[in-house]
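Worksheet for the structure shown next.
Where a number appears in this text, it was derived from the coordinates with a stated rule and is not lab data. Being a predicted model, the structure only gives us computed values, none of them experimental. In this analysis, Cβ positions are derived from the backbone assuming ideal geometry, glycine residues included, and neighbour counts consider all displayed protein chains.
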Amino acid sequence: MTPGGVFALPASWMWCLLACYAVTLIYFSGRLVVKFIAAVGILPSASPVSFTPEQDEIWQSCACAFELKRVRVLACAKARGPLALGLRTPILLLPPNFASICTPQDFLSAIAHECAHLKRLDFQKNLFYEVAGLFLAFHPVTRVIQSGIAQTREMICDGMVTKEHVEAGSYARSLLRLAAAMAVGSWGPDSYAVGIFNGNVLEKRIMRIRMKSQKTGATMKYGLLISAAAILSSTVVGMAAMAVPVVPQAGSQDNTQPNTYGHVYSVGHGVSAPVPFHTVPAKYPKAVREKNEKLDGIVVLGLVVDAKGMPQDIHVVKSFRSDFDAQAVKAVKQYRFRPAMLSGKPVAVSIKIEVNFKWY
């Protein structure tokens, strides 16, 4: 205790704490370097991927939708699952057997998710976050912030995929199938795909997708970054102070049941058919127009029109092509109906809709 009543540590203790901090900094820096070398070190053993015509169409459609150029798609036996890598040139790395194991829908969902990571430059951003957090890597608050960033990153990518490219219900089911495949070891015990286990928020992601949760706005994203910076700065200034516990934000979704429209009827036996009063024409896929491919086709969609006349649970019954399917789903989402009636009361019914694509 100093004469002024201020507690001061002996110089020997200060040097000991400084040495411990230096050792800790060296340890976490070395661990980051090893992880980076391991990630980049698998590239020399990678080789070009051979896709089937259908898979190549899916890949080209996703790359066009996310405006990706000069992306290298490689296969590597050391890859645990689909990876979005690359500092200058974006690289999509796949296990050799990934394309053969996946169904077309699961392949579309996985590729679209990784394209979202490439679009957002998440590999570079994650490397920056790791380097920025090195000086406080020992602090538990740093782990909480990094976990929150990982959770937010995966949910934002889910939102990008389901916004226009993949129907939300089909995407959610694909996530569950991919998780089930990993559980039985289809890609090995350490494999992962579309960030399924990143942040340990698979259940939250599925609920957000199925319940059409709110989009993550710019205010929330930048607010999270500013809050993280403020916490880190205050920790640096007050190294000797006790850490302030961080309470994770509660999810925005409520606990309502996914099926909010009750019993679903079929048209007939006293149940009238719903009548559309607002329709939106399906857009011809941009990639097909640019290639000047003169394709005509029909996509058959199944859906539930609830008692309010809103389309729900839209799914593909008869597919034409994945990019046409996505445009058809996007259009039917915007339909509005006069609901079906049973004994004078509006009810939910299951129907099918044909979406025609004509080249003009």
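Taking 15 Å as the straight-line reach from the Cα of LYS330, the aspartates and glutamates in range (excluding those fewer than 8 positions away in the same chain) are GLU164, GLU167, ASP313, GLU354.
Near PHE320, the amide H atoms lying under 5 Å from its own belong to ASP325; only residues 5 or more places off or on other chains count, and H is placed 1.01 Å from N. Once both labels are positioned 7 Å from their Cα atoms along Cα-to-Cβ, the gap between LEU295 and ARG336 label points is 3.2 nm. Straight Cα distances below 12 angstrom link LYS35 to the aspartates and glutamates GLU130, with same-chain residues fewer than 8 positions distant left out. In this structure, the amide hydrogen of GLY86, modeled 1.01 Å from its nitrogen in the peptide plane, lies closer than 5 angstrom to those of ILE91, counting only residues at least 5 positions away or on a different chain. Derived scalar couplings between HN and Hα for the stretch 132-138 equal 5, x, 4, 5, 10, 4, 6 Hz in order, rounded to whole Hz, by the Karplus curve 6.51 cos²θ - 1.76 cosθ + 1.60 (θ = phi - 60°), x for Gly and Pro. Remark: the VAL317-VAL267 segment gains 16.2 nm on full extension, using 0.36 nm per residue and subtracting the alpha carbon distance. Per-residue Karplus couplings for the stretch 344-354, computed as 6.51 cos²θ - 1.76 cosθ + 1.60 with θ equal to phi - 60°, are listed in order as x, 10, x, 9, 8, 9, 9, 9, 10, 10, 9 Hz, Gly and Pro entered as x. Site pair GLN124 and ALA229 shows an inter-label distance of 1.8 nm when each label is modelled 7 Å from Cα along Cα→Cβ.
Close amide H pairs (under 5 Å, H built 1.01 Å from N) link ALA348 with TYR265, ALA307, residues at least 5 positions away or on another chain.
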